[in-house]
Amino acid sequence: MRKNYLDNLRNMVILLLFPVHTFMIWNNFGQKFYIWAGPSKVLSTLIVAVNPWLMPLLFAVAGISARYSLQKRSEKEFFIERIKKLLIPFMAGLVFLVPIQTFYARKYFFGYKGNYLDNVAYFFTHATDLSGYDGCFTPGQLWFILFLFIISMLFLALNRFIPYEKVEKYGDRLNIWQILALFIPVALLYYIGNFGSFSIGKCFAMFILGYYVLSNDRVLETIKRNAGPILVLFAALEIALIVLFYRAHFYEDVFVNFTAWIGTLALLSLGQKYLDRNTGFTRYFNAASYPVYILHQSILVAVAYYAVTYVNGLILQITIIMMGSFLMTIACYEIINKIPFIRNLLGIYKKKHA
């Protein structure tokens, strides 16, 4: 049976990226963005609160979904699906979408006056810190898709030696303290393959824990049964993050990774209770959320360039960027969804009817 709350959690996280990436334009913790209009402590607060668990939750949900996917298809079919849904969209997005962001970053920070095609050539022939804020090569928002593809391939190899059935009995026995302690591999693997704040080791840990642990119905029931204390702990961690950020500009790794794990458990418990329903929102964004993720940041950066350059007033700029990029992304999705070849490049495939 399809877990609608997983779909709704995934969809809501992707929609949350619109305000998060909008507020990144005014972040004040030293990390610039493709467009950076100056520091704002208040706007940075949302980023500080959600960054620890936002993407880790997506990797955990991807791991859970992999378990249900392999119940319906073979490993070969899963591999082919990963090629079509991840690798091809990554390559297409790298060519057609990400250079848009670096083009506007180069214009904004360096006054670039050249044409777009010259910038594309520059993008593919220059590399610095992989941020792309200087116009050079970056995977942009597609880092998530690249990581997920690599992790999926590693997972398939691991699953050959340790199939789910071999560890299911251990998951059945986990109590809440043992489940909470599973943040330890997340924290330890954070230092493997860490590119800035993007750690493939941490993402791999979240995916694997999603597959082997969080897809276990008894584990989910234990989380649901202890939802109250988990939510209190999560709220305390969030408050502590914000207080430390305001008082000491503090964002320590172990604390953040602990928050990532507790936040994932808390949101899974909330999802089971309140989001396990198949609404019109669910049905629409089940199809739209993935291409929306691929498209959103390139569109948002383009809108932000013009809003920050030509519009006065912080509130108006935020409104134009957030709402304008959302509406334009949905419009682009609707158009692309009607063009078969282009649709496939974004990983959109029409379901075959029996």
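Tabulated results
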| quantity | calculated |
| --- | --- |
| Proxy reagent accessibility, fewest Cβ within 10 Å first, across 117, 130, 233 | 117, 130, 233 |
| Protection proxy ranking of 35-42, 179-186 - average other beta-carbon atoms within 10 Å, highest first | 179-186, 35-42 |
| Residue pairs, from the table 32/350; 76/350; 3/169, whose Cα atoms sit over 30 Å apart | 32/350 |
| Neighbour cut-off at most 11 other Cβ (10 Å), DSSP loop, trypsin sites (Lys or Arg not before Pro), segment 246-315 | 277 |
| Debye, to nearest 20: dipole size of the chain, +1 on Lys, Arg Cβ, -1 on Asp, Glu Cβ | 920 |
| Stokes-Einstein D (µm²/s) once Rh is taken as the Kirkwood radius of segment 4-345 over alpha-carbon pairs, at 25 °C in 0.890 mPa s | 116 |
| Exposure proxy ranking, count of Cβ atoms within 10 Å, fewest first, for 296, 21, 126 | 126, 21, 296 |
| 19 Å cut-off, amide nitrogen to a point 7 angstrom out along residue 217 Cα→Cβ, residues in segment 61-86 | 64-73 |
| Coil-residue GluC sites (Glu not before Pro) of segment 164-255, DSSP, other Cβ within 10 Å capped at 15 | 252 |
| Sum of side-chain charges, residue 188 neighbourhood, beta-carbon under 14 Å (Lys, Arg +1; Asp, Glu -1) | 0 |
| Top of 119, 337, 312 by mean-square fluctuation, Gaussian network on the chain, Cα under 10 Å | 312 |
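The numbers here are math on the coordinates, done by the rules we state, and not lab data. Computed from a predicted structure; not experimentally measured. Neighbour counts are summed over all protein chains in view; Cβ atoms, including those assigned to glycine, are modelled from backbone coordinates with ideal geometry.
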